[in-house]
Amino acid sequence: MELIKVIVFDLLSSAAILVGLMAFIGLILQKQSIDNVISGTLKTIVGFLVFGVGSGAAVVALSSFQDLFAAGFGLKGVLPLAEAVTALAQQKFGTTVSLVMVLGFAMNLVVARFTPLKYIFLTGQHNLYLAALLTVMMKALGVSNTTIVVVGGILLGICAALFPAICQPYMRKVTGDDELALGHYVTVGYALSGWIGSKVGKPEDSTENLKLPGWLSIFKDYVVGVSITIIVFFYIAAFAAGKTEVETLSKGVNWLVYPLFQGLGFAASLYVIITGVRMLLGEIVNAFVGISERLIPNAKPALDCPIVFPFAPTATVIGFLSSYVGGLLCMFAFGVLNMAVIIPVAVPYFFIGATAGVFGNATGGWKGAVAGSFVVGVLIAIGPSTIYPIMENIGLKGTAFPETDFNIVGLLVYYIGKLIQFIF
């Protein structure tokens, strides 16, 4: 069991290693020379690690923003973070979660090989989160560990192939081809954002082609636009928190200087993310040809959400801001309705909202980016608020999954399980 945990938590849960392994297999199947195999594999892994570094830096900056925001506005509630829920689930049901993930990955390959769903889900950490969710929901039903592993593994494998297919029609509009799929379990939200975009705007009015008047034209420069926007948000949170609270959180850094460098650091992290993604895509697509041709014909790699950021960098900022507004409105509405208050944590709202913005922009330009990501921002507040009571009942408190696909699957598993128990 210890070896299985090491493989799952230290290897397969790493997207970089998982994608590197796929690149290695693909290059071997193409009978590439040893130097090309080594080069392609290492570049794929390093590309993933580069945008992982950027993602980590973004998380640090956005966590600082979240601390300032919570301190400034005095909010308490449920923090929607898949990482936090998974950590709690691992503590309680670690072995079961790991077995579900291992079987789930194997089932993903089986489904891709023998069905029209030719998608191989390579975002390892998201499969780990889904394994945790399935385990938690079935534990809430009182199901045995053996049943959880078998049923959970099969469901995970199906989900890993099914959900990328849901938003693939819109993914083609984002990338301009059919080579890549999205391996991020908010695909229902992203597809909805793409659909909304097609109803409210035109793709010709892309965020990347905005003709901004006068001095606003500086926002066409991605780095400048992100820097100014995020710095403004940091200062709003800092002024709300006050000098004493800011300098406590900053460990003595001047309260007017701290927001400036946090905002600039965030802009730098996004630049690193995009650089890593471009490096990754330069290798993984060619390497995947080997797997497609030999083992799973016409297979497509489903990769993490930052792969779409380079296609519309401005839309990522608009998407984050619009989705965050949706989350804030829900936060106050849930408080009035006496529901579990979902605090819009900046980290998931950035990655999910930014991706939704890219999808909305692909079909509806800037109007689609705004409208689509706003709706997704509302959905990733409603979902956690709905599923949280179930999780709280088995001792997982203070956090929930924000991802739309997780909440849809979790609620279906739980209530269908309840129905089956009632009938039998």
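The values are calculated or read from the model by the stated rules, or taken from the named source; none is laboratory data. Only a predicted model underlies this, so the values are computations on that prediction, with no experimental measurement involved. We place every Cβ from the backbone using ideal geometry, glycine too, and count neighbours over all the protein chains shown. These area figures cover heavy atoms from the full protein model, side chains too; ligands, DNA and RNA do not enter into them. Shrake-Rupley method; radii C 1.70, N 1.55, O 1.52, S 1.80 Å.
Just one of VAL85, VAL102, VAL78, VAL37 is over 23 Å from LEU155 (Cβ atoms) and either modelled with pLDDT under 80 or of a type in the set (Phe, Trp, Tyr) (or both); which is it? The conditions single out VAL78. Kindly check whether there is at least one residue in the range 106-122 that is within 30 Å of SER227 (Cβ to Cβ), modelled with pLDDT of 80 or more and either open to solvent by 10 Å² or more (accessible area, probe 1.4 Å) or not aliphatic (A, V, I, L, M) (or both). No; the residues of the range 106-122 include none that is within 30 Å of SER227 (Cβ to Cβ), modelled with pLDDT of 80 or more and either open to solvent by 10 Å² or more (accessible area, probe 1.4 Å) or not aliphatic (A, V, I, L, M) (or both). Screening GLY335 against (1) farther than 21 Å from ALA57 by Cα; (2) in contact with a helix residue (DSSP H, G or I) (Cβ under 9 Å, 6 or more places away or on another chain); (3) of a type outside the set (Phe, Trp, Tyr) leaves a single unmet condition, (2).
Would it be correct to say that GLN125 is in a helix (DSSP H, G or I) and free of Cβ contacts under 8 Å to residues at least 24 places away in the same chain? No, not satisfied.
Across the range 29-48, the number of residues qualifying as over 18 Å from LEU122 (Cα atoms) and either open to solvent by less than 30 Å² (accessible area, probe 1.4 Å) or not in a loop (DSSP other than H, G, I, E, B) (or both) comes to 7. Quick check: anything in the range 82-104 of a type in the set (Gly, Ala, Ser), free of Cβ contacts under 8 Å to residues at least 24 places away in the same chain and either open to solvent by 10 Å² or more (accessible area, probe 1.4 Å) or not in a helix (DSSP H, G or I) (or both)? There is at least one residue in the range 82-104 that is of a type in the set (Gly, Ala, Ser), free of Cβ contacts under 8 Å to residues at least 24 places away in the same chain and either open to solvent by 10 Å² or more (accessible area, probe 1.4 Å) or not in a helix (DSSP H, G or I) (or both).
Listed here are the residues, each with its yes/no results for (1) under 28 Å from MET137 (Cβ atoms); (2) open to solvent by 60 Å² or more (accessible area, probe 1.4 Å); (3) in a loop (DSSP other than H, G, I, E, B).
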residue: ALA161; (1), (2), (3): yes, no, no
residue: LYS173; (1), (2), (3): no, yes, no
residue: ASP178; (1), (2), (3): no, no, yes
residue: TYR185; (1), (2), (3): yes, no, yes
residue: ALA191; (1), (2), (3): yes, no, no
